[in-house]
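The values are calculated or read from the model by the stated rules, or taken from the named source; none is laboratory data. Given the structure is predicted, the values throughout are model-derived calculations rather than measurements. For neighbour counting, all protein chains shown are included, and Cβ atoms are generated from backbone atoms with ideal geometry for every residue, glycine included. SASA here: full protein model, heavy atoms, side chains in, ligands and nucleic acids out. Shrake-Rupley method; radii C 1.70, N 1.55, O 1.52, S 1.80 Å.
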Amino acid sequence: MNVSKESRGVVDFSTAKGSGMPAPAVGLLFAFGLASGGASFAQGSPPSIADCAAIQTDQARLACYDRASGRLPVAAQTSGGTVPERTAMVAPAAPESEGAAPGGVGRRTPAETSLIDKAWAFDPGSSAYDISFYNPNYLLIGNYTSRINNRPFSPLFDALEADEQDLDNTEARFQLSFKFRVWTTDDRRWGVWAAYSQMSQWQVYNEKISRPFRETNYMPELMVSFRPDISFGGFDWRLLNVGYNHQSNGRSDPISRSWDRIIASIGIERGNFALVLRPWVRIDEGDADDDNPDITDYYGYGDITAFYKWRDHSFTLMGRGNPSTDKGAAELTWMSPQVLGPLRVYVRAFTGYGDSLIDYNWKQNTIGIGMALNDIL
């Protein structure tokens, strides 16, 4: 049985279109058709695609297509008649090449950051002209020695018939040390550094002799630094320095103590553990001008320092000496986490020869406690 479109509640818009009826009138006609035949329209067959295509207005045509496809209007799909909030589309970020950094220099990922890299500013993003701490900067408010050197200049005192110095076994000791990078490559693997360290032993508690500075050592350095980035045996070789080192107590003859060296520093690490090996060659000054010609008998030809960091505590153990003379020294330090701003508790213990230049051939045991700003790494 043929059922007319009118009996199904559907308006024939193809006829309306052919009649030249204006678009608003077509829209009104469609709305009227929906209202008048709504019940039968809902229960009967939906309009055809051809019926919807004949509608001129966009909104009415879209509603017709929704009905033809059996899709509910948007308002019916949302609770409270509100339109779902649209989510802004974000363009995907361009893929960043691993380790990319400004200027095309590869930046190392955080997983690759190391104690040595941080200490020597090997990060490509670091400042080219970097200034930072070098050796530990500390103040030992009490530094006790088991055997104070009362006659460090005994030949001079003997000639002047002077009495021995009445020195205290407990004194203060402090060190200032920093380094400055004066040149580097774009990737920071090569650099030239200037460094300066100064250590003083101060008889601050000795009022009887007017609290003098017993000894001060000055140590300027100039070095070339390189990051090898070679792995072997579970360790990463991250540091190779070669440079010139001058150390003296700044006094004139006959109480002068000084020497010059070419020093290499080789640093390897594994996690929070690092080893720094420093072999050196003394620059011969000639016997006539040498303040201490036998200094290598006591200091040897190099030292090695082990560094370990645990829960922000740091520990170091240094050893050096000359096996042929059976003389040398060892140093053990502990530094706490920060306790007052950047300050950390610092404990230093030393045994052997050469706690300072004035004591290069004097054996003693010392222990001191105070505060520090930084460790070697």
Note to self: Being open to solvent by less than 30 Å² (accessible area, probe 1.4 Å) and closer than 21 Å to residue 199 by Cα is the filter here; which residues of the range 235-246 pass it?
What the structure shows: 243, 245
Notebook entry, point to check: Given the residues 232, 315, 213, which is the only one that is among the aromatic types (Phe, Trp, Tyr), within 20 Å of residue 354 (Cβ to Cβ) and open to solvent by 50 Å² or more (accessible area, probe 1.4 Å)?
Noted result: 213
Margin query: Any residue that is modelled with pLDDT of 95 or more, under 21 Å from residue 368 (Cβ atoms), over 27 Å from the mean Cα position of the chain (by Cα) and not in a strand (DSSP E or B) - is there at least one of those in the range 192-201?
Written below: no
Item checked: Unmet criterion (only one of (1) in a strand (DSSP E or B); (2) open to solvent by 60 Å² or more (accessible area, probe 1.4 Å); (3) of a type in the set (S, T, N, Q)) for residue 265 -> (2)
Next item on the list: Kindly indicate which of 294, 289 is farther than 30 Å from residue 118 by Cα, of a type outside the set (S, T, N, Q) and open to solvent by 60 Å² or more (accessible area, probe 1.4 Å).
Entry: 289
Checklist line | Cβ-Cβ under 6 Å pairs, at least 6 apart or on other chains, the range 244-266 side farther than 23 Å from residue 119 by Cα and touching a residue at least 12 places away in the same chain (Cβ under 8 Å), far side open to solvent by 30 Å² or more (accessible area, probe 1.4 Å) and among the hydroxyl-bearing types (Ser, Thr, Tyr) | finding: 248/218; 250/218
Next item on the list: Look at the range 256-275 and say how many of its residues are out of contact with any Asp or Glu (no Cβ under 9 Å at 6 or more places or on another chain) and among the hydrophobic types (A, V, I, L, M, F, W, C).
Entry: 5
Notebook entry, point to check: Out of all the residues in the range 25-72, which are at pLDDT 75 or above, part of a loop (DSSP other than H, G, I, E, B) and not hydrophobic (A, V, I, L, M, F, W, C)?
Noted result: 47, 48, 56, 57
Note to self: Would you confirm whether or not the range 336-346 contains a residue that is modelled with pLDDT of 95 or more and within 21 Å of residue 239 (Cβ to Cβ)?
What the structure shows: no
Check: Restricting the range 202-231 to residues that are within 23 Å of the chain's Cα centre (by Cα) and free of Cβ contacts under 8 Å to residues at least 24 places away in the same chain, which is nearest to residue 122 (Cα to Cα)?
Finding: 228
Next item on the list: Working only within the range 329-363, note down all residues that are crowded, with 18+ Cβ neighbours inside 10 Å and either among the aromatic types (Phe, Trp, Tyr) or part of a strand (DSSP E or B) (or both).
Entry: 329, 331, 333, 335, 344, 346, 348, 350, 352, 353, 360, 362
Margin query: Out of 325, 305, I need the residue that is in contact (Cβ under 8 Å) with a residue 40 or more places away in the chain and either outside any strand (DSSP E or B) or over 19 Å from residue 257 (Cβ atoms) (or both). Which one?
Written below: 305
Margin query: Here is a check on your reading of the model: is residue 221 in contact with a Phe, Trp or Tyr (Cβ under 9 Å, 6 or more places away or on another chain), of a type in the set (D, E, K, R), farther than 27 Å from residue 173 by Cβ and buried (at least 17 other Cβ atoms within 10 Å of the Cβ)?
Written below: no
Check: Tally time: how many residues in the range 206-253 are farther than 26 Å from residue 273 by Cα and either among the aromatic types (Phe, Trp, Tyr) or assigned to a loop (DSSP other than H, G, I, E, B) (or both)?
Finding: 12
